[in-house]
Amino acid sequence: MVLRWWFYPLILLGSLVLVALGIVALTLVLLYPNLPSIDAVTDYRPKLPLKIFTIEGDLIGEFGEEKRSFVRIQDFPPVMKQAILAAEDERFFQHGGVDWLGLARAGMAALMAGKSKGGASTITQQVARNFFLTNEVTITRKVSEWLLAYKIESSLSKEQILEIYLNHIFLGNRAYGFAAASRVYFNKDVSQLSAAEAAMLAGLPKAPSQYNPFNNLKRATLRQQYVLRRMGELKFLDEAKLAAARAEVLKFNRERQMYSVSGEYVAEMARQEIFEQYGEKAYVSGIRVITTIRKADQESATLALRKGVMEYDRRHGYRGPEGLISLPNNKSEADDVIEEALVDKDVIGDLMPAVVTSADTKRVLALTKRGENVVLTGDALKFVSRALAEKAGPGKIVRGSVIRLAIDEKGALSISQLPKVEASFVSLDPIDGAIRALAGGFDFAANKYNHVTQASRQPGSSFKPFIYSAALEKGFTPATIVNDAPIVFDPGRNGGQIWEPKNYDGKYEGPMRLRQALAKSKNMVSIRVLQAISPQYAQDYVTRFGFDAKQHPPYLTMALGAGSTTPLQMAGAYAIFANGGFQVKPYFIAKITDDKGALLFQATPAIATTDEAVAKTAERVLDPRNAFIMTSIMRDVVRYGTAARAMSLGRNDLAGKTGTTNDHIDAWFAGYSSTQVGIAWIGFDNPTDMGNNETGGQAALPIWMYYMARSMKGVKETPLEPPTGITLVPLGSETRDGKPAVEYIYSENAGNEAQGPSALREANKPSEEVKNQIF
């Protein structure tokens, strides 16, 4: 009887087990043939964004739906892999795809808690789910996930599976994979992560939106501390390292800076070029573009431009706070209001947004976008002293004012403001046209308009060298004497207005040599020179420098740079003077490769040389004697002319020309050495008077100088050697330092160096004799 009592329940239990096994077997039979192919995993080809790099390989731009950097498993630091194993799958290298022990533990925990907490999915299961399944909670989906995990484990090694996981998992803020997440959250290469940072990232896969430190730092920190505790329990970290990691204060990339060097304008130029060739494929196939940009030069250009712009802005005073918000008295509540107010305020040109929490005439307290409380006193308040006065008016800085903070080279903060003026700078190699630095504006985040390539502005006096170059081909010499005297043009019966041009400084020096006239930027001389050679001739002549004739109408106003051009066109034009007369085409893409490194494109620029051994030489468009004489004259512009302040750089091999347009709307400096050409421009997008004395020498030249001081450091000076066909003749006078004056001229012009062509005699007539000439 006792045996019978136990026998029937055993039969029933056995039957149930057999039925369950049958159901499982049937499920496997039905599901396994319908499982998707795992080719997407075994032949892993992730969507890789288009990436733009400097010539040295520094990332300056990334474009694509998914931010991802594929990194080989051996290149991930051990601490990152350990943090992942501690957080997600400590038995990854022991189980076969499904961790039944982990499942059992999770089941017991759920039974004890009275509800399921989820989890217990291995790394392999997560790979299966991410590639092939949804997140729906059903038995069928879970069983499919197990089967796929086993299928993946049978096809790939553990290292391969972990590599896919580390590169593919979504981690919030459009970051896929831990290499991309490292850039997004810490602006670091994944190889540079500390244990504390790795633990923070390892906490993200569970729920990227919930444990995102940008969204909820408190919750993210709790998750990070859990990961660190598990790393300690698994002996990945000893007690000392664990304590240090727990105490480490993380510095997040709250400004979302992704690159070590600011090259967004160049990156956007590259994106447009690649998209034109490859279409949408460009954003997912991992194309890599290596530009001609040099990191050090690009950094110099960005710093120089921003410094020049901020100096201009400070000369014109403080305009007042950006805005005003109402702050509650409770500090915690006020901090929340400030954080909300600054969410959409980006850091522009290194100017940090902040909100004033307390202000008087001698001290200002503020909370920055980074969450830092700062105290500002003394020199930090000089720029805004009037806005702190008790009777400051509408622009007064008070509690709740939204301000900007600048940081100087020594790390000191001061109150500043966002500039309204814009600027650009471009530098290129005159030998092959490679663009070495390009800053298209003050900050790409604030203004994406590329002033180097898109802004067509009047070049002003920086265009005069091309008129003078044309004059040399018409028989002028640097010693030719031209009258610097007032001149009036009356269109007469044609109904136009009288044109009475003036020198920029209002001073006239009478007859003077061409060299001195260009050095001092004498408008009257330039007009008379153009009058002598004819505007039509000059219009045709300047096209050899790459200028569009239509943008430079054949009127005498061309002598003052009344046409229009871009800074990039000016760079290419001045390169012809710098390289001795060859036309080189500016370019910025050195090569293009696919995601495996296979070459798709290699630039083969024409080289400015007469060496027949060079495979591709540039076309000579200018007599080398002309280039030599123009460089000689423009070196005098720097030595004692309108750009004399550049002599503070301590070099004698720099040449260039300042440029200022009517009403100080545009200011330029175009300068060069034998190794690089640099063009600086500053002005308002909506053409506006920049103010009295804001000339090329005052507003633009400093940008060029700041750049050249850094980029030319350690570069030896290059002597200027005259080419064949140049004669050095005495002028019968003395130089500024008392030495006998001599001049370089074309050999065939010897003996006629001062008089110039016959057409000049008419142009040199007193103004009353040319009043009726029509321009």
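The values are calculated or read from the model by the stated rules, or taken from the named source; none is laboratory data. In this text the structure is predicted, and so the values were computed from the model without any measurement. Glycine also receives a Cβ, built like all others from the backbone with ideal geometry; neighbour counts cover every protein chain displayed. For the accessible areas, the whole protein counts, side chains as well, though only heavy atoms, and no ligand, DNA or RNA atoms are used. Shrake-Rupley method; radii C 1.70, N 1.55, O 1.52, S 1.80 Å.
Worth pointing out:
- Estimated from the Cβ-Cβ distance and a Förster radius of 25 angstrom, the FRET efficiency linking Leu599 and Asp548 is about 0.15.
- Computed helical MRE - 222 nm, the chain, DSSP H runs ≥ 4 contributing -39500 (n - 2.57), nearest 500: -10500 deg cm²/dmol
- Remark: relative contact order (the chain) = 12 percent; criterion is Cα-Cα distance under 8 angstrom and separation of 6 or more residues.
- Whole-percent carbon and sulfur share, accessible surface of the stretch 257-386, 1.4 Å: 45
- Both radii are taken from the alpha-carbon atoms of the stretch 164-210; with Rh as the Kirkwood radius, Rg/Rh is 0.91.
- Computed on the Cα trace of the stretch 649-754, the radius of gyration divided by the Kirkwood hydrodynamic radius gives Rg/Rh = 1.09.
- Per residue, the chain exposes an accessible area of 47 Å² to a 1.4 Å probe, with every protein chain left in place.
- Each label point was placed 7 Å from the Cα along the Cα-to-Cβ direction; for Ile498 and Tyr587 their separation is 5.5 nm.
- The listed peptides 158-171, 230-243, ordered by packing as a protection proxy, come out as 158-171, 230-243 (highest mean of other Cβ atoms within 10 Å first).
- D_trans [Stokes-Einstein, Kirkwood Rh over alpha-carbon pairs] for the stretch 350-437, 25 °C, 0.890 mPa s, µm² s⁻¹: 165
- Cβ-derived FRET efficiency at R0 45 Å, Ala296 paired with Val398, nearest 0.05: 0.55
- Hz values of 3J(HN,Hα) by residue in the stretch 582-590 - Karplus curve (6.51, -1.76, 1.60), Gly and Pro given as x: 9, 8, 10, 8, x, 9, 9, 9, 7
- Alpha-carbon Rg with Dmax, taken over the stretch 602-655, Å: 15.7, 43
- Leading residue at positive end of dipole, the chain (Cβ point charges), from Ala741, Ser385, Ser144: Ser144
- In this structure, the residue pairs whose Cα-Cα separation is over 23 Å, taken from Lys307/Lys585; Lys331/Lys382; Lys47/Lys596; Lys591/Lys657; Lys218/Lys331; Lys448/Lys550, are Lys307/Lys585; Lys331/Lys382; Lys591/Lys657; Lys448/Lys550.
- Peptide ranges 602-613, 121-132, 433-444 listed from the most packed, as the mean C-beta count within 10 angstrom indicates: 433-444, 121-132, 602-613
- Ratio Rg/Rh, restricted to the chain and using Cα atoms, in which Rh is the Kirkwood radius: 1.13
- Prolate/oblate/rounded call for the stretch 137-279, Cα gyration tensor, a/c under 1.5 rounded: oblate
- Computed lengthening from Asn373 to Ser358, 0.36 nm per intervening residue step minus Cα-Cα distance: 4.3 nm
- In Hz, Karplus ³J(HN,Hα) per residue of the stretch 172-182 (6.51, -1.76, 1.60; θ = phi - 60°; x = Gly, Pro): x, 6, 6, 8, 10, x, 6, 5, 5, 4, 4
- Trypsin sites (Lys or Arg not before Pro) restricted to the stretch 562-618 and DSSP loop, no more than 11 other C-beta within 10 Å: Lys596, Lys616
- Taking each residue as 0.36 nm, the span from Lys206 to Glu159 lengthens on full extension beyond its C-alpha to C-alpha distance by 14.8 nm.
- Virtual paramagnetic centre 7 Å along Cα→Cβ of Arg386, amide N under 19 Å, in the stretch 396-429: 396-398, 403-404, 415-421
- Summarising the label geometry, the points placed 7 Å from Cα in the beta-carbon direction at Lys142 and Asn329 lie 5.6 nm from one another.
- Potential lengthening between Arg174 and Glu65 on full extension [0.36 nm per residue; Cα-Cα distance subtracted]: 38.5 nm
- Note that the stretch 555-568 has calculated 3J(HN,Hα) couplings of 10, 5, 5, 4, 5, 9, x, 8, x, 9, 7, 9, x, 5 Hz, one per residue in order, obtained from phi through the Karplus relation 6.51 cos²θ - 1.76 cosθ + 1.60 (θ = phi - 60°); glycine and proline are x.
- A Förster radius of 30 Å, combined with the Cβ-Cβ distance separating Ala244 from Asp336, puts the computed FRET efficiency at roughly 0.45.
- Sorting 659-667, 306-314, 522-530 by their mean Cβ neighbour count within 10 Å, with the most densely packed peptide first, gives 522-530, 659-667, 306-314.
- Modelled spin labels at Lys281 and Ser534, positioned 7 Å past Cα toward Cβ, are 5.3 nm from each other.
- Of the trypsin sites (Lys or Arg not before Pro) in the stretch 62-107, those whose Cβ has at most 15 other Cβ within 10 Å and which sit in DSSP loop: Arg72, Arg91
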